[in-house]
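Report on the following structure.
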Amino acid sequence: MREGLGLRWALLGPFAVADTNSDGGARTYFGGHEEWIMNLMNQVGPTPDFDKALIEEIGQALDAARGDTAREDVRAWRDRMVVEIRRLKAEHPLRKTLQQPL
């Protein structure tokens with residue numbers, strides 16, 4: 001999580017990450033997995049129906065948020081930022097930070 005998916009979520013959030021992880025966007029990423037996702041989410045607490053209508057609503061919201069920017073361009077930006085964050089973490093490891101006075 002902290003070296004991959006967590007960094008992506010920090011940059012985009014879980015829905016936009018799903019949108020960029022599939023060439024077909026969130027509709028393709030989530031489509032066909034509704035029951036599995038509902039079972040997983042219901043382990044945490046009651047959730048709305050994760051059905052095709054909700055997936056479409058999420059897709060439309062992501063399309064509007066992305067605007068004219070191509071999904072591939074968002075994906076490329078996300079990947080550059082993940083590499084940059086990992087570089088920063090390597091240059092400034094927690095262990096080194098804890099050894100220095102605050």
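Overview of results
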item: Residue in the range 42-53 that is within 16 Å of the chain's Cα centre (by Cα) and not charged (D, E, K, R) present; result: no
item: Filtered residues of the range 59-71 (kept if outside any helix (DSSP H, G or I) and of a type outside the set (Ser, Thr, Tyr)); result: 67, 68, 70
item: Total residues in the range 66-98, condition farther than 11 Å from residue 7 by Cβ and surrounded by 14 or more Cβ atoms within 10 Å (Cβ to Cβ); result: 5
item: Scan of the range 23-38 for residues that are crowded, with 16+ Cβ neighbours inside 10 Å and either among the acidic types (Asp, Glu) or within 11 Å of the chain's Cα centre (by Cα) (or both), ordered by number; result: 26
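Yes/no per residue for (1) of a type in the set (D, E, K, R); (2) over 22 Å from residue 82 (Cβ atoms); (3) touching a residue at least 40 places away in the same chain (Cβ under 8 Å); (4) assigned to a loop (DSSP other than H, G, I, E, B):
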{"position": "10", "(1), (2), (3), (4)": "no, no, yes, no"}
{"position": "15", "(1), (2), (3), (4)": "no, no, yes, no"}
{"position": "19", "(1), (2), (3), (4)": "yes, no, yes, no"}
{"position": "27", "(1), (2), (3), (4)": "yes, yes, no, no"}
{"position": "35", "(1), (2), (3), (4)": "yes, yes, no, no"}
{"position": "40", "(1), (2), (3), (4)": "no, yes, no, no"}
{"position": "44", "(1), (2), (3), (4)": "no, yes, no, yes"}
{"position": "49", "(1), (2), (3), (4)": "yes, yes, no, yes"}
{"position": "57", "(1), (2), (3), (4)": "yes, yes, no, no"}
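Each reported figure results from applying straightforward, stated rules to the coordinates on display, with no laboratory input. Just so we're clear, the structure is a prediction, and the values are computed from it rather than from any experiment. Methodologically, a virtual Cβ is constructed for each residue, glycine included, from the backbone with ideal geometry; neighbour enumeration extends over all protein chains shown.
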